[in-house]
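These notes concern the structure reproduced below.
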Amino acid sequence: MNAFVNDSFTVWHREWLRFIRKPARVVGSFLTPLIWMAMFGYGMQRGLRVQLPFPGFHGTYLDWTAPGIVAMGMLFTGIFTGMAILFDRQFGFLKEILVAPVSRVSFVVGKGLGGMTASLVQGLTMLVLAVVVFRVPLMGPFGFAGGFLLAVVALGLLGLGIVNLGVAIAARLESHEVFMLVANFLVMPLFFLSGAIYPLTNLPRALQVVIHVNPVHYGVDALRWAMFGAVGTENTLALDIGALILFALLTTWLAARLFSRS
Amino acid sequence: MAAIRTSKLVKTYGELKALDGVDLEVQKGEFFGLLGPNGAGKSTLIGVLSTMLPATSGTAEVAGFSVKDQPAEVRKRIGVVFQDPSLDEELTGRENMMFHARLYKVPRGERAARIDELLQIVELADRQHERVKAYSGGMRRRLELARGLLHKPEILFLDEPTLGLDPQTRVHIWDYIRRLNAEERVTIVLTTHYMDEADQLCHRIAIIDKGRFVAQGTPTELKAQIGGDVVYLNLNGQTRELVPILEGVPDVRSVKVVASGLQLEVHEGGAAIPKILDAVRTQGAKVESVRLQQTTLNDVFIKHTGREIRDEGMDNADRMRFYMRGHRRR
């Protein structure tokens, strides 16, 4: 157990060092979502005068969709963080890990936590910028501090799950071209069918079912709980958090399993 | 005690037999050389022994543990320096070392001192805080070597460790590895293209070709097997008459008349020449010149594989890799 923690931490620390060495990537990762908020969120709100089907919700469409766009940012960068395993393989560094006396599971866990840390930094930065720049309220039933803490939990679990999903895809692939193809194919529906940019209420039943099996949906909804509370959200908070925990555990298991066998 | 023991080791890739029944025994503390043309199976053998590749059939034990059933135990006890780079370019040299020290559980109190010592030996101490990205090919090799030694492995696998290093650094690194071998009894398994290195360093050598061992023994034994040294004598007259006399000299195996004089196959040139000269003198003949041609490991290699290692040493892929490494440093 001690060795497992040591190994995972060592791998995590490497990911962290690599993360902070790339300031351009850090800035770029939350710049795109901010532009989305401005151009998409504000544009929809003013151009279409979007009516949200939540009686008693006082915010604007931009307020409501901001958590969804934060999740989108995490989804895009998180998946591609998993791709780093392919570069480790390509540049030979993976051999150093494979020949070391460490379990592959501890490597995957360290990798996942490393990616999670990176997406958490990114997600929280976006959230703070949304609050500061776009005046999106962060005042759910738990107040500002409580809401922030809830956001940390939600974004952390979502980030861990997404990064592990990326690792699981990368585990069996040889080239990053194929990865890009698979990832792009996956990211689009995960985003659009998450309830990030439109509510589920008036959708046909079949589409609602699809959205309910999409883990990103629960991340977005949990984030809305942190920001607005019960009005404006679609699930109970317990369901959101439970689903996110399940997602994180399942993808960790999947990534470890696929990677150990490759 | 055997540090490495394999029996009927086979590794196939589809139709190709990369290893075709390898029986190998390396003793603890031995400095063992593995020579062979490219594609002979050297790297595959190291891959299987270091638990990176599963064997198709046969058994292999390293440090007393089966590579198949107890890979974790094997990994704790071995160090590997790969032929291809395996460093993290985004980290500094020291960070790469620290990463390794942690994974191999080098005691916390010893880490810093050991890293300092090794970086000193490979002469990277002054560049240790730069990212590996900025290192030249030679510096990267040196860092990988230092890293492979960090956790004091019982058995060290070196796959072409000095490829692309300048002679000065090569001497430096070999000095250290030789000391490690002599003083700490670290078993060393080396593959190299440099025949002179193998000759000087290795206690025992195996030549591998097409996945099989074609010769095995000490460098002296291997050289003696293919006929030993050749001495050329240029005489002032009486050439033919001396043949029976010289054939009687101990150490001389055969005598042949050639255009420039006599060609003698001898067991060991340095010891045979004085005896030959004495014999010539007793016959009253005069020696104009003597030339000694010593058998090298390269001759042994050609004899067993039918190829010259230098030609194979750098194929196009190697040359390309080399070229790119050289360029990346800028």
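Every number here is computed from the coordinates shown, using simple stated rules; none is lab data. Note that this is a predicted model, so its numbers are computed, not measured. For neighbour counting, all protein chains shown are included, and Cβ atoms are generated from backbone atoms with ideal geometry for every residue, glycine included.
Quick one: what are the phi-derived ³J(HN,Hα) couplings along the range A:29-35, Karplus 6.51/-1.76/1.60 with θ = phi - 60°, whole Hz, x for glycine and proline?
Per residue, the Karplus-derived 3J(HN,Hα) values read 5, 10, 6, 4, x, 5, 5 Hz.
What is the distance in Å between the Cα centroid of the range B:98-148 and that of the range A:222-258?
When both Cα centres are located, 43 Å separates them.
Taking H placed 1.01 Å from N in the peptide plane, check which residues at least 5 places from residue B:31 or on another chain put their amide H under 5 Å from its amide H.
B:188, B:203, B:204
Note the angle between two axes, namely the Cα long axis of helix B:108-121 and the longest principal axis of the Cα atoms of chain B, as a number of degrees from 0 to 90, rounded to the nearest 10.
40 degrees
What nm value, rounded to one decimal, do you get for the distance between residue B:293 and residue B:69 when each label is placed 7 Å out toward the C-beta?
Rounded to a tenth, the inter-label distance reads 5.3 nm.
Determine which aspartates and glutamates satisfy two conditions relative to residue B:8: a Cα distance under 14 Å, and not lying fewer than 8 residues away in the same chain.
Excluding near neighbours in sequence, the set is B:20, B:23, B:25, B:61.
Taking amide H atoms as placed 1.01 Å from N in the peptide plane, list the residues 5 or more away in sequence, or in a different chain, whose amide H sits under 5 Å from that of residue B:215.
B:207
For residue B:12, what charge total do you get from the other residues with a beta carbon under 15 Å from its beta carbon, if Lys and Arg give +1 and Asp and Glu give -1?
+3
Percent relative contact order of chain B, based on C-alpha pairs within less than 8 angstrom and at least six residues apart?
The value is 20 percent.
Note down the magnitude of the dipole of the range B:263-302 about its Cα centre, charges +1 on Lys and Arg C-beta and -1 on Asp and Glu C-beta and zero elsewhere, to the nearest 20 debye.
Its charge dipole is roughly 200 debye.
Which entries in the list B:28/B:105; A:95/B:11; A:111/B:76; B:133/B:210; B:68/B:152 go over 28 Å, if you measure between the two C-alpha atoms of each?
B:133/B:210
Mind checking which of A:91, A:19, A:134 has the largest fluctuation in a GNM of chain A, springs on alpha carbons under 10 Å?
Comparing A:91, A:19, A:134 in a Gaussian network model of chain A, the most mobile one is A:91.
Please list, ordered by chain and number, the residues whose modelled amide H lies under 5 Å from the amide H of residue B:80; skip anything fewer than 5 residues away on the same chain.
Correct list: B:157.
Fewest to most neighbouring Cβ within 10 Å: what's the order for A:253, A:36?
A:253, A:36
Obtain the nm distance between the two label points defined at residue A:22 and residue B:267 by a simple spin-label model: each point lies 7 Å from its Cα along the Cα-to-C-beta direction.
Between residue A:22 and residue B:267, the label points sit 6.6 nm apart.
Averaged across the residues of B:97-105, what count of C-beta atoms belonging to other chains lies within 10 Å of each residue's C-beta?
6
On C-alpha positions alone, give me the angle between the axis of helix B:316-328 and the longest principal axis of chain B, in degrees, nearest 10.
Roughly 50 degrees between the two axes.
Residue by residue through the range B:66-81, which ³J(HN,Hα) values in whole Hz follow from phi under the Karplus form 6.51 cos²θ - 1.76 cosθ + 1.60 (θ = phi - 60°), with glycine and proline marked x?
3J(HN,Hα) across the range B:66-81, in whole Hz: 6, 5, 7, 8, 10, x, 5, 5, 5, 4, 4, 9, 10, x, 10, 10.
Report the label-to-label distance for residue A:181 and residue B:28 in nanometres (one decimal), using points 7 Å from each Cα along the Cα→Cβ vector.
For the pair residue A:181/residue B:28, the computed spacing is 5.3 nm.
Over the range B:219-292, what is the relative contact order in whole percent, taking alpha-carbon pairs under 8 Å and six or more residues apart?
Relative contact order of the range B:219-292: 42 percent.
Calculate one ³J(HN,Hα) per residue across the range B:182-193 by plugging θ = phi - 60° into the Karplus curve 6.51 cos²θ - 1.76 cosθ + 1.60, and present them in order as whole Hz with x for glycine and proline.
6, 8, 9, 6, 6, 6, 10, 10, 10, 10, 8, 9
Hey, what number do you get for the protein assembly as shown at 222 nm if only DSSP H runs of n ≥ 4 count, each worth -39500 (n - 2.57), divided across all residues, to the nearest 500?
Theoretical 222 nm ellipticity from helices: -17500 deg cm²/dmol.
If you place +1 on the Cβ of every Lys and Arg and -1 on the Cβ of every Asp and Glu, how big does the dipole about the Cα centre of chain A come out, in debye to the nearest 20?
Here chain A has a charge dipole of around 320 debye.
Which trypsin sites (Lys or Arg not before Pro) in the range A:44-110 pass both tests, a DSSP loop state and at most 11 other beta-carbon atoms within 10 Å?
Sparse-neighbourhood loop trypsin sites (Lys or Arg not before Pro): A:49.
How far, in degrees from 0 to 90, does helix B:137-149 lean away from the longest principal axis of the Cα atoms of chain B, to the nearest 10?
It works out to around 80 degrees.
Using a Förster distance of 30 Å, how high is the FRET efficiency between residue A:91 and residue B:302, based on the Cβ-Cβ distance and rounded to 0.05?
Between residue A:91 and residue B:302 the formula returns 0.25.
For the protein assembly as shown, what is the percent of antiparallel DSSP beta bridges, rounded to the nearest 5?
For the protein assembly as shown, the DSSP antiparallel bridge percentage is about 70.
Using a cut-off of 28 Å between alpha-carbon atoms, which lysines can reach residue B:256, once sequence neighbours fewer than 8 places away in the same chain are excluded?
Once the sequence-local lysines are set aside, what remains near residue B:256 is B:223, B:275, B:286, B:303.
Which trypsin sites (Lys or Arg not before Pro) from the range B:180-276 combine a DSSP loop assignment with at most 12 other Cβ atoms within 10 Å?
Sparse-neighbourhood loop trypsin sites (Lys or Arg not before Pro): B:185.
In a GNM of chain A with a 10 Å cut-off on Cα contacts, which of A:132, A:153, A:70 has the highest mean-square fluctuation?
Greatest mean-square fluctuation among the candidates belongs to A:132.
Percent relative contact order of the range A:181-262, based on C-alpha pairs within less than 8 angstrom and at least six residues apart?
Normalised by residue count, the contact order of the range A:181-262 is 24 percent.
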